[in-house]
Amino acid sequence: MKKGAKIGIIVGVVAAVIILGLVRYIVGTYNRLVALEENVESSWAQVENQYQRRLDLIPNLVATVKGYASHESDVYTQVTEARSKAGGVMQLGSDVLNDPEAFERFQAAQNELSAGLGRLLAVAENYPELKANENFLALQDQLEGTENRIATERKRFNDAVQKYNRAIRSFPGNIVANNHGFEKKPYFKAAEEAKSAPKVEF
């Protein structure tokens, strides 16, 4: 075999190894990004699940408080409207993760609902017999547990988003991400009101 042919074979083998390595890297990176994106969407589903749980508790809570404080109709109206608005944005699904404006609307609706619930629970302060009512106490406990679950799921969601966003922005993974349409996902942020802790006493 001639020297030129040997060099040609060696170059061909080296080129094939490099191309195979590059293909394996691209496929591995793509699959890792898909897995991270799926984790973000799974975490999002858990956030929605907990928000839905809260939505389901609200009518019972409002009805219980109404039984003791029927003249506080403006608070019930605010909570009902906020619940309706939040329920409407709950129908967005995981598509909201690719639309920062829709994500902000979702978060704003949930923050408005949280504020309304805070006002509703503040009404209970004026009614000692309501605060002693077993149904109200049970609903209050469930709501508190749900709020804790929401906070936990939001943290898990933000952790998943952080891993995903870091992967699609880091070199050389960003090359694969840019070529295959992987986009940055939004984080949950604290509401402006949350920066100053409210004083709630029961």
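The values are calculated or read from the model by the stated rules, or taken from the named source; none is laboratory data. Predicted model, so just to flag it, every value in this text is computed and none were measured. Virtual Cβ from ideal backbone geometry, glycine too; neighbours counted across all protein chains shown. Ligands, DNA and RNA are stripped out before the accessible areas are found, and what is left, the full protein with its side chains, is counted by its heavy atoms. Shrake-Rupley method; radii C 1.70, N 1.55, O 1.52, S 1.80 Å.
Once both labels are positioned 7 Å from their Cα atoms along Cα-to-Cβ, the gap between residue 66 and residue 144 label points is 2.5 nm.
Taking 0.36 nm per residue of separation and subtracting the Cα-Cα distance, full extension of the segment from residue 20 to residue 2 would add 3.8 nm.
Close lysine pairs were tallied over the chain: pairs 8 or more places apart or on different chains with Cα atoms under 30 Å apart number 25.
Computed extension gain for residue 49 through residue 171, at 0.36 nm per residue and net of the alpha carbon distance, reaches 40.5 nm.
State the dimensionless ratio Rg/Rh of the stretch 64-126 (Rg: radius of gyration of Cα atoms; Rh: Kirkwood radius).
Numbers: Rg = 14.1 Å, Rh = 12.7 Å.
Expressed as Rg/Rh, it is 1.11.
Counting only protein heavy atoms and a probe of 1.4 Å, the accessible surface of the stretch 1-73 is 63% carbon and sulfur. In terms of accessible area, using a 1.4 Å probe and ignoring ligands and nucleic acids, 130, 22 rank largest first as 22, 130.
When the helices in the chain are scored as -39500 (n - 2.57) per DSSP H run of 4 or longer and the sum is shared across all residues, what 222 nm value do you end up with, to the nearest 500 deg cm²/dmol?
Working: 6 runs with 155 residues, N = 202.
So the calculated ellipticity at 222 nm is -27500 deg cm²/dmol.
Shown is the FRET efficiency for residue 35 and residue 126, computed with R0 = 45 Å from the Cβ-Cβ distance and rounded to the nearest 0.05: 0.30. Label positions at residue 184 and residue 27, each projected 7 Å from the Cα along the C-beta direction, are separated by 3.2 nm.
Solvent-accessible area per residue for the chain at a 1.4 Å probe radius, Å²? Could the numbers behind the result be given before it?
Working: 12250 Å² over 202 residues.
Counting only protein heavy atoms, the per-residue value for the chain is 61 Å².
Between residue 134 and residue 155, full extension at 0.36 nm per residue minus the direct alpha carbon distance yields a gain of 4.4 nm. Based on the Stokes-Einstein relation at 20 °C and a viscosity of 1.002 mPa s, and on the Kirkwood radius from alpha carbon pairs, the stretch 38-180 is assigned a translational diffusion coefficient of 127 µm²/s.
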